[in-house]
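Single-structure report; data block below.
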Amino acid sequence: MSQEKATLKDIANALGVSTTTIHRALNNKSGVSRAMCLKVQELASDMGYSVNTAASALKRKTLRIGVVLPEPVMENRFYYSALWTGIRKYMEGNEIFHGHVTEFYYPLIPGQHGETLKDVYENHLTDIDGLITIGVNRNESSYFIQKIHGAGIPVVIVGSDSYPGACLCCVKAYDEMAGSLAAQLITAFLPPEFSGTIILTGNPVGEAAMPDQYNNLAGFQEQVAATAPAISMRSAYCFEISDLERILPPLVNADVMPFAMYSSSARHTVQMCKIIRNLGLEGQIRLVGNDKFPESETLLLKGVLTAVIDKKVSYQSFKAAEVLMDYLSKGQYPASSTIYVRPEILMKSNLAAETGILS
């Protein structure tokens, strides 16, 4: 029988079962034995039947996706604009699945992620079919992620696997690798006995700590300890970006000038560069930051930054939207509970080639 003529009813008649059973078997849904699933799938293949995903999707209701992310304003725009962009790009390019996004913005201050999730759970749960958000290491955030997931709303986390078992999956950069790449880049040509200083900045500890930055900096420190153990590392960690203007200059103006600085954060990357330029030390210290965005690209092209560790933030959120929509529209589970995105080193030469800028 040709593919055009084979239908669910044809397969059901051939096996003497209902079309509901055939549909469940083809989509690996519950209520059908494994033996029957295999029998149905084998016969469907023999009859030339294939699911027309696009046609099926057109018959379904609009899939409503809630997105809970910080406002991409001021210094927060560097990282979070990229997250918003990836989700919007996926949804705009896949209109056939009738996806509709409801955006829940919140200010990036401690506790607001949990408050926004609480609002979604209490007031908008019937308005969404799935949720995309970031991982925040606070009790209220974890509590409401579990409540939302428990209510049958699949949740995909971007950036940090903070809620194992309480979400459909997490899409994140391989954070330890990001830090390790940065450390290898900075120390690759140094002798093992080199005893200089590296300053680390970001937001890996404290009440508002970012788990991805903790893992990133842990990877950096582990790599340095293994390959250049004589190097000392000093921290300039803070949540409020304005605090870096107070913390960093005394470390830079110490008796021994640090030979390099590494930032695990997009916003710390920009602020680090600003402070070094204001101190008149541009070009005297190797500066390596995180994430590709317009400001970091400009700093690379001007030679202020030595390199950027590109964690492909927009692709992370694009992939998160894809995974969630595949689950909702096709019943397709992600390949793993954690999907890793490999970071890459971005420097002036490959950025210039990428953008077509030669000088």
Original post:
Name the pairs: first residue in the stretch 183-206 and touching a residue at least 24 places away in the same chain (Cβ under 8 Å) and of a type in the set (Phe, Trp, Tyr), second residue open to solvent by 20 Å² or more (accessible area, probe 1.4 Å) and part of a loop (DSSP other than H, G, I, E, B), Cβ to Cβ under 9 Å, at least 6 apart or on different chains?
Top reply: Phe194/Ala230; Phe194/Phe259
Original post:
Which members of the stretch 226-252 meet the condition of being assigned to a helix (DSSP H, G or I), open to solvent by 60 Å² or more (accessible area, probe 1.4 Å) and within 20 Å of Leu190 (Cβ to Cβ)?
Top reply: Ala226, Thr227
**OP:** Among residues belonging to the stretch 170-185 that are among the aliphatic types (A, V, I, L, M) and open to solvent by 10 Å² or more (accessible area, probe 1.4 Å), point out the one that is farthest from Tyr79 (Cα to Cα).
**Re:** Leu185
Original post:
In the stretch 199-213, what count of residues is obtained for those that are closer than 17 Å to Gly289 by Cβ and out of contact with any helix residue (DSSP H, G or I) (no Cβ under 7 Å at 6 or more places or on another chain)?
Top reply: 2
Subject >> Qualifying residues in the stretch 199-214 (those that are open to solvent by less than 40 Å² (accessible area, probe 1.4 Å) and in a helix (DSSP H, G or I)) - the one modelled with the lowest pLDDT >> reply: Pro211
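Here's the yes/no breakdown for (1) in contact (Cβ under 8 Å) with a residue 24 or more places away in the chain; (2) in a helix (DSSP H, G or I); (3) open to solvent by 10 Å² or more (accessible area, probe 1.4 Å); (4) hydroxyl-bearing (Ser, Thr, Tyr):
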residue	(1), (2), (3), (4)
Thr85	yes, yes, yes, yes
Met91	yes, yes, yes, no
His100	yes, no, yes, no
Glu115	yes, yes, yes, no
His149	no, yes, yes, no
**OP:** Just need a number here: residues in the stretch 117-129 that are of a type in the set (Asp, Glu), open to solvent by 60 Å² or more (accessible area, probe 1.4 Å) and either closer than 18 Å to Pro70 by Cα or out of contact with any Ser or Thr (no Cβ under 9 Å at 6 or more places or on another chain) (or both).
**Re:** 1
Original post:
If you check Glu322, Glu344, Glu354, which single one turns out to be more than 14 Å from the chain's Cα centre (by Cα), modelled with pLDDT of 90 or more and not small (Gly, Ala, Ser)?
Top reply: Glu344
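The values are calculated or read from the model by the stated rules, or taken from the named source; none is laboratory data. Fair warning: this is a prediction, and the values are worked out from it, not measured in the lab. Heads up, the Cβs are rebuilt from the backbone with ideal geometry, glycines too, and the neighbour counts pull from every protein chain shown. Areas reflect the complete protein model, heavy atoms only, side chains present, ligands, DNA and RNA absent. Shrake-Rupley method; radii C 1.70, N 1.55, O 1.52, S 1.80 Å.
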